[in-house]
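Worksheet: the structure to be examined is printed underneath.
Just so it is clear, none of the values below were taken in a lab; they were calculated from the coordinates. Worth saying up front: this structure is predicted, and the values here are computed from it rather than measured. Positions of Cβ are generated from backbone atoms using ideal geometry, with glycine treated the same way; all protein chains shown enter the neighbour counts.
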Amino acid sequence: MSDPATSREVRSGGWTGAVRRYAVRTLPPEKLLPDTQPAYMASWIYVFGVLTVSALVVVVATGCLLALEGPGWWHVSSVGKYVNSLHLWSVELFMFFMVIHLWGKFFMAAWRGRRAMTWMTGAVCFLASVGAAFTGYLTQQNFDSQWISGQAKDGLNAVGIGAWFNVLDFGQMLMWHIVLLPLALGGLTGLHVLLVRRRGIVPPIDATVPTPGAVEGRL
Amino acid sequence: MKPLSRRTAEPESAAFPTRPYDLLKEFTIALVVVALLTAGLAALFSSPDDKPVTLAAWSAAAPGDFTATAVAELGATSMTAQYGPPYNDTPGAGQKIGPLGLQRAAGVRIPVDTAEDFVLRPLRQAPEPAEVTAALAAWSAASTDRQQTWTAAYADALGKAPNGDPTQVAPGDYGPVPALAGRLLTLAQAGGLDGQLLAQGHFYQTDYTKPVLFLADGTYLAGLADGQHLSGDQWGMMNETGNYPGQAWLWLYTFWYQIDPFKSSTNADALIWALMAVLSLGLVLVPFIPGVRSVPRWTKVYRLIWRDHYRGQR
């Protein structure tokens, strides 16, 4: 029979306490910020996950710098032009790293062991990134955005989406580019990383847990 | 071969031997490396920024194309006028996926009356010479059939004029059309039409739907894009001006436009969007698709990734 006082303590805190207990149970600090990793995690392909997140940070930071002066700044200022170039190239790197990361995880069959949601959030991140980059191209206010929006409208209109998502409406596209899609992508990326931490790094295909005594502690 | 999901349960990663690892240090190093790489690429290659085409620039550089487009807008024969939803309700217009007509189902949510929005209203709102007042009155008083006869005759005559030059059109019964098109050309060349198409009665405006549709109805913009390898048959919108990588990640979407049956289909856009929606869903659901989820096991690329682990198991 459990001690009523302990039971009360365990259940205290209302919703807040329940959420805290769930969070700590699901992602204890040593899982959230680990100082060890499985020894099989020894390949350059693993670097592309953290490179993708790093590039996303640079994309958001350079986008915030552009936002300080507004969308027209980079057309009339050499500093602005350089900041826009930073934004462009960080996006190119971000997409490059993400695609390598995605292919790497595919060939690892990284969805094994209850990690399907990790794969799915990653794949949706990729699709959201394509959308975020696309709306960026639409809001450049130059020949590229003029031409790309004129071409892209036909695909979106053909399936009815263009009636609500109007690529020729600069204001609407700018809001999607700097508010809605970054929020979605940021949230999904956070969830993706937390899922990676929760489930751990997927073991090699057909790997078996070494029997006790076969390995001398930590490698 | 058994699919991955039917094999024995995967062992927990925590059950394997470990090695020291500093997550935050790795992230910090990666962030610095990416930031430096970005700074270097930006300094070396900058970014493209070709100026947009204004209606003023278009009408000055290609008055024949501008006039022909204006006449097509007036006579409701332009691409936009015949587009269907979401701009207008042209009978029969709208792409389909088999029997499914999503374009028409979405309805006319961004109404565009090409004659009124692109030609007649801007003329009425600008300072109006007497001959234009008379031309507008004659246009309004005429029946739709009569209006279309005038615009068709003038479009035909423009096509036969040297270089499509409106000043060299042969005399004929074009009603008020030459006066209306000529005045619109003057307005555009003076730079007034850009603001009129954008503002349309508002002070603040961020919606460029009408000016871009008008521009895209002509051949001038497409000609410039073709010269910049941006046309649909040149892998189109995944490119950008200059020698920049553009949206290389759109290669698969753009690829379908290069091959049959898509490139010759009148429903190409709808079919390709449907196909890409299915493929995107497939990407998200890879862990649940038999066959696809087993590709990693068949290809054995994983043995390269975890070669140290497998070498240690021998």
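Can you count the Lys pairs in the protein assembly as shown with C-alpha separation below 25 Å, eight or more apart or on different chains?
Close lysine pairs under the 25 Å cut-off: 14.
Tell me, Kirkwood radius of the range B:55-227 from alpha-carbon pair distances, in Å? Don't skip to the answer; put the middle values down first.
Numbers: mean 1/r = 0.0596 Å⁻¹.
About 16.8 Å, per the Kirkwood formula over Cα pairs.
Return the long-range amide H neighbours of residue B:97 (sequence gap of 5 or more, or a different chain), with a cut-off of under 5 Å between placed amide H atoms.
Correct list: B:102.
Could you give each residue of the range B:80-86 its phi-based ³J(HN,Hα) in whole Hz, using Karplus coefficients 6.51, -1.76, 1.60 with θ = phi - 60°, and x for Gly or Pro?
5, 4, 9, 5, x, x, x
Using alpha carbons only, how many degrees (0 to 90, rounded to 10) separate the axis of helix A:116-138 from the longest principal axis of chain A?
20
When 1/r is averaged over all different Cα pairs and the result inverted, which Kirkwood radius in Å belongs to the range A:112-198?
14.1
Quick one: Cα centre-to-centre distance for the range B:158-174 and the range B:266-291, in angstrom?
Here the two parts' Cα centres lie 49 Å apart.
Which value results for Rg/Rh of the range B:238-283 when Rg is the Cα radius of gyration and Rh the Kirkwood radius based on the inverse mean 1/r?
Values: Rg = 12.0 Å, Rh = 11.6 Å.
Ratio of gyration radius to Kirkwood radius: 1.04.
Report the extension gain between residue B:255 and residue B:156 in nm, rounded to one decimal, defined as 0.36 nm multiplied by the number of residues separating them, less their alpha carbon distance. The partial results should precede the final answer.
Numbers: separation 99, 0.36 × 99 = 35.64 nm, distance 3.69 nm.
Extra length available between residue B:255 and residue B:156 comes to 32.0 nm.
For B:28, A:62, B:149, which order do you get if you count the other beta carbons within 10 Å of each Cβ and list the fewest first?
Ordered from fewest to most neighbouring Cβ atoms within 10 Å, B:28, A:62, B:149 come out as B:28, B:149, A:62.
Can you list which of the chymotrypsin sites (Phe, Trp or Tyr not before Pro) found in the range B:192-260 are DSSP loop residues with at most 12 other C-beta atoms within 10 Å?
Working: sites: B:203, B:204, B:208, B:214, B:220, B:235, B:249, B:251, B:253, B:255, B:256, B:257; in loops: B:203, B:204, B:208, B:235, B:257.
Of the chymotrypsin sites (Phe, Trp or Tyr not before Pro), the ones in loops of the range B:192-260 whose Cβ has at most 12 other Cβ atoms within 10 Å are B:203, B:204.
When Lys and Arg each count +1 and Asp and Glu each count -1, what net charge do the other residues less than 13 Å away from residue A:144, Cβ to Cβ, add up to?
Values: positive: B:51; negative: B:49, B:50, B:240.
Counting the neighbours of residue A:144, the net charge comes to -2.
Per residue of A:74-80, what is the mean number of Cβ atoms on other protein chains within 10 angstrom of that residue's Cβ?
On the way: counts 2, 3, 0, 0, 1, 0, 0.
That average works out to 1.
Going out from 0 in 5 Å bins, what whole percent of all Cα-Cα distances in the range B:156-234 drops into each bin?
Percent of Cα pairs in each bin: 3, 12, 15, 19, 18, 16, 11, 6, 1.
Can you give the Kirkwood hydrodynamic radius for chain B, in Å, rounded to one decimal and based on Cα pairs? Present the calculation step by step, with values, prior to reporting the outcome.
Values: mean 1/r = 0.0403 Å⁻¹.
Value: 24.8 Å, from the Cα pair sum.
Check residue B:18: other-chain or 5+ apart residues with amide H under 5 Å from its amide H, H built from backbone geometry?
A:39, A:219
Translational diffusion coefficient of chain A at 20 °C, 1.002 mPa s, Stokes-Einstein with Kirkwood Rh over Cα pairs, in µm²/s as a whole number.
On the way: Rh = 20.7 Å.
Reported coefficient: 103 µm²/s.
Given a cut-off of 38 Å, what percent of all Cα-Cα pairs of the protein assembly as shown lie beyond it? Walk me through the numbers before you get to the answer.
Numbers: 61356 of 141778 pairs.
Tail of P(r) above 38 Å: 43 percent of Cα pairs.
From the phi angles alone, apply the Karplus equation (6.51, -1.76, 1.60; θ = phi - 60°) to the range B:292-299 and give each ³J(HN,Hα) in whole Hz, x where the residue is Gly or Pro.
4, 6, 9, 4, x, 5, 6, 6
For the pair residue B:202 and residue B:298, what calculated FRET efficiency results from E = 1/(1 + (r/R0)^6), where r is the Cβ-Cβ distance and R0 = 56 Å, to the nearest 0.05? Can you show the working numbers first?
Working: r = 60 Å, r/R0 = 1.07.
Taking R0 as 56 Å, the efficiency between residue B:298 and residue B:202 is 0.40.
If N is the number of residues in the range B:98-145, what value comes out of its Cα radius of gyration divided by 2.2 N^0.38 Å?
Details: Rg = 16.7 Å, N = 48, 2.2 N^0.38 = 9.6 Å.
It is 1.74.
Can you give the average number of partner chain beta-carbon atoms within 10 Å of each beta-carbon in peptide B:18-30, as a whole number? Present the calculation step by step, with values, prior to reporting the outcome.
Values: counts 12, 9, 5, 7, 5, 8, 2, 1, 5, 5, 2, 3, 11.
Average per residue, whole number: 6.
Mean Kyte-Doolittle of at least 0.0 plus a Cα span of 27 Å or more along the axis: flag which DSSP H helices in chain B meet both, please.
Helices meeting the criterion: B:23-45.
For the range B:29-89, what does the alpha-carbon gyration tensor say about shape, rounded, prolate or oblate, given a ≥ b ≥ c as the root eigenvalues, a/c under 1.5 as rounded, and a/b over b/c as prolate? All intermediate terms of the calculation are to be shown ahead of the outcome.
Values: a/c = 7.90, a/b = 2.38, b/c = 3.32.
Oblate, since a/c reaches 1.5 and b/c is not below a/b.
Return one number: the angle in degrees, 0 to 90 and rounded to the nearest 10, between the long axis of the Cα atoms of helix A:47-69 and the longest principal axis of the Cα atoms of chain A.
The two axes meet at around 40 degrees.
Partner chain Cβ atoms within 10 Å, averaged over the residues of A:136-145 - can you pull that number for me? Could the numbers behind the result be given before it?
Working: counts 1, 6, 1, 0, 6, 4, 9, 13, 14, 4.
That works out to 6 on average.
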